[in-house]
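Readers should treat all values here as calculations from the given coordinates under stated rules, not as data from a laboratory. Fair warning: this is a prediction, and the values are worked out from it, not measured in the lab. Neighbour counts are summed over all protein chains in view; Cβ atoms, including those assigned to glycine, are modelled from backbone coordinates with ideal geometry.
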Amino acid sequence: MPFPEILVVDDEPANLEVVRRFLQDTRYVVSTAGGAQEALQAIDAHGPFDLYVLDVMMPEIRGTELADTIRTRQPGALVLYFTGFSDALFSGTRKLRDGEAFIQKPVTKRDVIEAISLLLYKDLRGPRE
């Protein structure tokens, strides 16, 4: 079975690097994008990813809007929101959907790995082999 492929999208290069570093010793294949347009281009070039880690507050469009766009192409897409603004994530009447979770910045390596494991495998420890 191939390793899960993850696309991390954040307009802050330092955040992209932190997540990449957190996941470098895992079995995940990580790609990054600096914004929504770059993310959609990566998806067009690569095809669907197994999981998307999306910053909520980006200048082009919000992570929630990007997730909606991704889901028009990939209805069952798994999304982990990576945000310093959880109040923005839940503005209005919005609630997390199936296949969505969020972690609050700043995050630890454990936070990221556990959240990804829960979304992909429904288990904190990742795949059971």
Which ones in the stretch 24-46 are touching a strand residue (DSSP E or B) at 6+ places or on another chain (Cβ under 6 Å), small (G, A, S) and outside any helix (DSSP H, G or I)?
-> S31, A33
Do we find a residue being of a type outside the set (A, V, I, L, M) and part of a loop (DSSP other than H, G, I, E, B) anywhere in the stretch 13-22?
-> no
Could you tell me whether D10 is among the acidic types (D, E), touching a residue at least 40 places away in the same chain (Cβ under 8 Å) and touching a helix residue (DSSP H, G or I) at 6+ places or on another chain (Cβ under 6 Å)?
-> yes
Within the stretch 92-101, is even one residue outside any strand (DSSP E or B), among the hydroxyl-bearing types (S, T, Y) and under 15 Å from the mean Cα position of the chain (by Cα)?
-> no
Just for the stretch 47-78: of the residues that are outside any loop (DSSP other than H, G, I, E, B) and touching a residue at least 40 places away in the same chain (Cβ under 8 Å), which one is surrounded by the fewest Cβ atoms within 10 Å (Cβ to Cβ)?
-> L51
In the stretch 29-42, residues that are more than 18 Å from P2 (Cα to Cα) and either in contact (Cβ under 8 Å) with a residue 24 or more places away in the chain or under 13 Å from the mean Cα position of the chain (by Cα) (or both) total 9
